[in-house]
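This report concerns only the one structure given below.
The values are calculated or read from the model by the stated rules, or taken from the named source; none is laboratory data. These figures come from a predicted structure and were not determined experimentally. Note: ideal-geometry Cβ built from the backbone for every residue, glycine included; neighbour counts use all protein chains shown. Remember, those area values only see protein heavy atoms, side chains included, never the ligands or the DNA or RNA. Shrake-Rupley method; radii C 1.70, N 1.55, O 1.52, S 1.80 Å.
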Amino acid sequence: MAGEEPEHLTQPQHGQVSVDPLAVLRTTGDPPWDVYLTGTVFLDIIFTGLDAAPVRGTESWARGMGSSPGGVANMATALARLGLRTSLAAAFGDDHYGEYCWDALARGEGIDLSASRTVPGWHSPVTVSMAYDDERTMVSHGHEPPPEEPAPDCPPRARAAVASLTPGAPAPWIAQAAREGTRIFADVGWDDTGAWDLSGLADLEHCEAFLPNAEEAMRYTGARCPRSAAHALTERVPVAVVTLGAEGAYAVDRRTEETAEVPAIAVEALDPTGAGDVFVAGFVTGTLAGWPLADRLAFAGLTAALSVQEFGGSLSAPGWSEIGSWWRRVQSVDGQDPTALRRYAFLERLVPKEPARSWPLRRAVPTIGFRRSA
């Protein structure tokens, strides 16, 4: 009917036009969730506007401060803002911090927390992050986690799940989800043991895609360059995506024999917190939507680039308004490389047709401590 919004556009409670990248693929028999996650939620407190690193024995004043849910909440928020129906299983403390994080994720971002729980008497983990000179310093505090795992024995049905693999510690829910048809996307942290043994990542056999950074990929495979490492990883997993920092990212799909390399977008980086989570969220979105490998890689790199222009983890995850504003802005830049523009031309059919807005966008920074108005 004339005047109606396109099928892939939705109107969330915040009043901004959003995008459902899976709209044309949805059927009545779909799983209830697009992506399932489990992990630890932190309260992140971010100090900004520091001129230099804090010096021992002195007091430093920050010109800005914000707070938001962090940890696994960074990934959950990034996925939700890209239009994916996201379910999170996590433990929340019954303190003010836990209440704030629950409310910010459930009401603020529309993330499903039916698989999560509040743990009486458990103190919410906290991370304080200080950003200065394109660097960051973090201090975290937390008590022993609850004795019961927040991940249910039978995770909810979902198109995909994102897991962080731990060497030597398989997570039973990953195999369970994979058996139910959930597509598993995995990253990995630094191996503090120094073993760097791929056989220790037992859950990799259940994964569709593995997304390490260049150093991790080379250490796990023994390859001398990250691109060779990506090819070596496809002996264990169908899709390997290796992030190359300022050089961009490289990906290999063993099943289709596709390879793709996309350079990084040059931006003024303010805070890299959560950029890796945003990259993974962008790649998952493109994969579930059925995009070509190069488009998925370009979209992941774009969302990560937009995120580092803001402070904080979940605070900085871009939505479709930011993506649309960037796309309109770069097309108007004099002397823009037409080849580079064509690399992102797939955005034209996705981004909402809103009036041009200033870019980059600056969000109001939410924080705890203010009473809710009656």
Taking the Cα centre of the range 160-307 as origin and charging only Cβ (+1 Lys, Arg; -1 Asp, Glu), how large is the dipole, in debye to the nearest 20?
300 debye
Overall Cα dimensions of the range 230-353, principal axis frame, Å, largest first:
42, 31, 25
Amide hydrogen neighbours beyond the local backbone of VAL262, cut-off 5 Å, H modeled:
ALA249
For the range 324-337, just list the computed ³J(HN,Hα) in residue order, Karplus coefficients 6.51, -1.76 and 1.60, θ = phi - 60°, integers in Hz, with x standing in for Gly and Pro.
x, 5, 4, 4, 5, 5, 5, 6, 9, 6, 4, x, 4, 5
Between Rg and the Kirkwood Rh of the range 50-167, both from Cα atoms, what is the Rg to Rh ratio?
1.02
Kindly identify the range 190-264 as rounded, prolate or oblate by the Cα gyration tensor criterion: order the square roots of the eigenvalues as a ≥ b ≥ c, call it rounded if a/c is under 1.5, otherwise compare a/b with b/c, prolate if a/b is larger, else oblate.
oblate
Taking a ≥ b ≥ c as the square roots of the Cα gyration tensor eigenvalues, with a/c under 1.5 meaning rounded and otherwise prolate when a/b beats b/c, else oblate, which class fits the range 55-96?
prolate
Estimated vicinal HN-Hα couplings, Hz - the range 161-172 in sequence order (Karplus 6.51, -1.76, 1.60; Gly, Pro = x):
9, 10, 10, 9, 7, 10, x, x, 9, x, 9, x
FRET efficiency estimate (nearest 0.05) - Cβ-Cβ, THR27 to HIS231, R0 45 angstrom
0.80
Heads up, I need the accessible area for TYR250: 1.4 angstrom probe, whole protein in place, Å², nearest 10.
30 Å²
Note on the range 124-275: alpha-carbon gyration tensor, axes a ≥ b ≥ c; rule is a/c under 1.5 for rounded, else prolate if a/b larger than b/c, else oblate; result oblate
Once you have the Cα-Cα distance between ASP133 and THR166, take 0.36 nm times their residue separation minus that, and quote the gain in nm to one decimal.
8.7 nm
Amide H to amide H, which residues 5 or more places from THR118 or on other chains are under 5 Å from it, using H placed in the peptide plane?
PHE92
Can you compute the FRET efficiency between ARG224 and GLN176 using 1/(1 + (r/R0)^6), with r the Cβ-Cβ distance and R0 = 51 Å? Round to the nearest 0.05.
0.85
